[in-house]
Amino acid sequence: MSTNFTVGNDTFASNPGNANLNPFIWLFHDFKIIFTLSALFGLSIFLTIKFSGWFSILAVLFLAINIFYWLRKKEHFKSGDSNGGIVVSMHPTLVAVTTDLTKGFGEFPVVKIITCNTLKNVKIGDKIATVALYSASEDDELPHWIDFHPIPLSYATNNIQVLKRTLTSYDNEQWKDLQNRLEEIKKPYQEGLYKSEIQTSDWKTNTNTL
């Protein structure tokens with residue numbers, strides 16, 4: 001098993017994405033950030049050559065930031081947790097994804113609704129594959145993660161076999177859970193993270209959103 005540098009190695013996804021990031025495909029979905037990071041690195045190189053070697057400090061810093069950015073995205077799709085998503089709205093395009101934020105004890109089901117305006121050729125009800133990383137609280141004793149960050153797998157690859165393989169990795173129970181939990185959320189759907197207040201849930205509050 002390979003070692004991750006930007007993703008924790010002490011926890012492992014039950015259904016890892018196992019997808020190779022295609023940078024040219026990802027470029028289309030996060031162009032502004034990529035352009036900004038690249039431009040800052042290029043500018044720092046120019047300043048170093050044109051004016052002073054002191055600017056090389058900035059060049060090294062921006063190079064490190066660029067390396068970290070791409071390594072993080074690569075490890076996101078390779079080692080992140082894969083879950084099924086359903087398109088629930090158009091204009092904007094919203095995708096709902098469900099997971100359990102538990103760290104191993106208890107059940108903490110949630111639904112995350114994300115905006116995916118760069119998804120193409122989709123309609124309401126379409127099922128897609130996503131891969132997510134999870135955020136931890138500063139309180140190590142908290143029995144659950146505080147958030148997760150799903151991204152459509154098609155943002156990383158256009159390999160049809162990989163996309164089909166991942167979609168078939170979700171069983172019917174997962175899709176039923178997502179549909180049932182969506183019924184608890186008021187329409188029109190809005191971007192956000194929502195707790196699922198089912199009978200077996202270990203959430204202690206009565207609010208629907210985190």
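Looking at region 23-77, the pairs of alpha carbons with a distance over 13 Å make up 60% of the total. For the peptides 34-44, 101-111, the ranking by mean Cβ contacts within 10 Å, running from highest to lowest, is 101-111, 34-44.
Summarising the overall dimensions of the chain from its C-alpha atoms, the Rg and Dmax are 19.4, 66 angstrom.
In the chain, taking the dipole from charged Cβ atoms about the Cα centre, the farthest positive-side position among ASN159, PRO109, ALA132 is held by ASN159. For a straight C-alpha distance cut-off of 19 angstrom, the aspartates and glutamates reachable from LYS186 (same-chain residues fewer than eight places away being disregarded) are ASP177, GLU197. In terms of the mean number of neighbouring beta-carbon atoms within 10 Å, the peptides 14-23, 76-85, 48-57 order highest first as 76-85, 14-23, 48-57.
In summary, the helical segments of the chain meeting the span-like criteria, namely a full DSSP H run, a Cα extent along the axis of 20 angstrom or more and a mean Kyte-Doolittle hydropathy of at least 0.0, are 31-50, 56-79.
Mean-square fluctuations from a GNM of the chain, with a 10 angstrom spring cutoff on Cα atoms, peak among LEU182, LEU153, LEU63 at LEU63.
Across the options THR6, GLY84, PHE35, the greatest Cα extent toward the positive end of the charge dipole of the chain (unit charges at beta carbon of Lys, Arg, Asp, Glu) belongs to PHE35. Normalised by residue count, region 94-210 yields a Cα convex hull volume of 123 Å³ per residue. For the Cα trace of region 1-113, dividing Rg by the Kirkwood Rh returns an Rg/Rh value of 1.10.
All of the numbers you see were taken from the coordinates with simple rules; none came from a lab. The structure presented is a predicted model; accordingly, all values stated were derived computationally and were not measured. Note: ideal-geometry Cβ built from the backbone for every residue, glycine included; neighbour counts use all protein chains shown.
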